[in-house]
Amino acid sequence: MAEPVVRIPDAKVALSTASVYPESTATAFEIAARLGYDGVEVMVWNEPVSQDIEALRRLSDFHQIPILAVHAPCLLITQRVWSTDPWVKLQRARAAAEKLGAGTVVVHPPFRWQRQYARDFVAGIWRMANETDVRFAVENMYPWRYRDREMLAYAPDWDVTKDDYRHFTIDLSHTATARTDALHMIDRMGDRLGHVHLADGGGSNKDEHLVPGRGTQPCAELLERLALSGFDGHVVIEVNTRRAMSSAEREADLAEALAFTRLHLASSVKVPRR
């Protein structure tokens with residue numbers, strides 16, 4: 001006879017500091033600790049605290065919340081954060097991760113107009129990955145669309161599975177915007193999937209980052225697959241709460257996202273009765 005048991009993978013559930021915007025990085029640590037997240041992912045952006053390793057260490061120590069990942073400053077609005085040289089940005093992100101005890105650096109593929117960076121990107125990421133124990137997990141993106149026109153903004157490609165990287169990040173808001181099948185994408189990533197940005201989306205031209213379960217993406221199915229496969233990376237809640245009418249409403253959204261994630265990471269399996 002076989003009896004169902006619940007098996008929970010070793011994956012930790014973290015809160016991206018981007019999820020509390022327009023509130024501060026410090027607020028993200030406070031909320032993560034209060035709600036019971038396993039850690040945070042620091043989005044390095046224009047806020048000085050997000051760029052300051054010692055300030056981040058103090059927040060981590062004060063709230064007893066580990067920093068599990070560092071998101072390198074790859075956005076349009078962060079083009080001047082930690083240098084205008086994209087390789088310097090990644091070197092500083094790696095140094096921050098090493099000093100803060102984070103296991104992963106999340107990086108986007110280059111913008112198409114960053115021609116030299118894009119030309120050397122795949123080889124350069126391998127070179128940097130070989131110099132550290134920190135994972136460089138390259139994140140899937142999406143084509144930019146305006147009305148009926150589509151622009152390929154990323155190089156070598158927004159679909160990072162078309163290139164050879166040691167580790168990947170999958171973002172389910174990005175799969176929604178790209179209108180691609182998220183489960184097929186994780187199949188292509190295979191055991192190189194090292195990091196998850198959990199959010200939802202409805203296929204809009206805009207990158208929505210909805211609370212999981214509020215869009216059309218297979219968030220539950222993906223988490224259940226991770227549980228069955230013994231995934232040992234991090235699952236990071238990266239949602240947009242800018243429309244929250246109050247801090248309490250924002251916190252309720254982040255509590256809902258955490259509950260959803262923990263529920264679907266707990267997978268029922270059958271094992272033989274002894």
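Quick look at the values:
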{"read-out": "Exposure of L152 as accessible area (Å², to 10), given a probe of 1.4 Å and all protein chains", "value": "90"}
{"read-out": "Antiparallel DSSP beta bridges within region 11-266, as percent of all bridges there, nearest 5", "value": "15"}
{"read-out": "Relative contact order (%) - criterion: Cα under 8 Å, at least six apart; region: region 81-223", "value": "18"}
{"read-out": "Listed residues R127, R147, R214, most fluctuating in the chain (Gaussian network, C-alpha, under 10 Å)", "value": "R147"}
{"read-out": "Reported label for calculated volume of the Cα convex hull per residue in Å³ given (i) 207; (ii) 127; (iii) 139", "value": "(iii)"}
{"read-out": "Cα centroid of region 177-233 to Cα centroid of region 83-136, whole Å", "value": "23"}
{"read-out": "FRET efficiency, 1/(1 + (r/R0)^6) with R0 25 Å, evaluated for W144 and S83 via beta carbons", "value": "0.50"}
{"read-out": "Unit charges on C-beta of K, R, D, E only; dipole of region 11-266, Debye", "value": "580"}
{"read-out": "Listed residues C74, C219 arranged by accessible area, highest first, probe 1.4 Å", "value": "C74, C219"}
{"read-out": "Computed E for L75/A123 - FRET, C-beta separation, R0 22 angstrom, nearest 0.05", "value": "0.40"}
{"read-out": "Table column - 3J(HN,Hα) (Hz), region 180-187, Karplus curve with 6.51, -1.76, 1.60, x for Gly and Pro", "value": "10, 7, 5, 5, 5, 5, 5, 5"}
{"read-out": "The chain - percent of accessible surface contributed by carbon and sulfur, probe 1.4 Å", "value": "50"}
{"read-out": "For L193, residues with placed amide H under 5 Å, excluding near neighbours", "value": "F168"}
{"read-out": "Leading residue at positive end of dipole, the chain (Cβ point charges), from T177, V211, L226", "value": "T177"}
{"read-out": "Pairwise Lys count, the chain - Cα closer than 29 Å, eight or more residues apart or different chains", "value": "9"}
{"read-out": "Normalised contact order of the chain, rounded percent, pairs of Cα under 8 Å and 6 or more residues apart", "value": "22"}
{"read-out": "Among 104-110, 116-122, the order from most to least packed when residues are scored by Cβ within 10 Å on average", "value": "104-110, 116-122"}
{"read-out": "F136 long-range amide H proximity, modeled H, under 5 Å", "value": "V105"}
{"read-out": "Region 62-103: trypsin sites (Lys or Arg not before Pro) falling in loop per DSSP and having at most 15 other Cβ within 10 Å", "value": "R80"}
{"read-out": "With DNA, RNA and ligands ignored, accessible area of R135 (1.4 Å probe; Å², nearest 10)", "value": "70"}
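The values are calculated or read from the model by the stated rules, or taken from the named source; none is laboratory data. Just so it is clear, the structure is predicted and the values come from calculations on it, not from any experiment. No Cβ is skipped: glycine too gets one built from the backbone with ideal geometry, and neighbour counts run over all protein chains shown. Please note that ligands, DNA and RNA were not included when accessible areas were found on the heavy atoms of the full protein model with its side chains. Shrake-Rupley method; radii C 1.70, N 1.55, O 1.52, S 1.80 Å.
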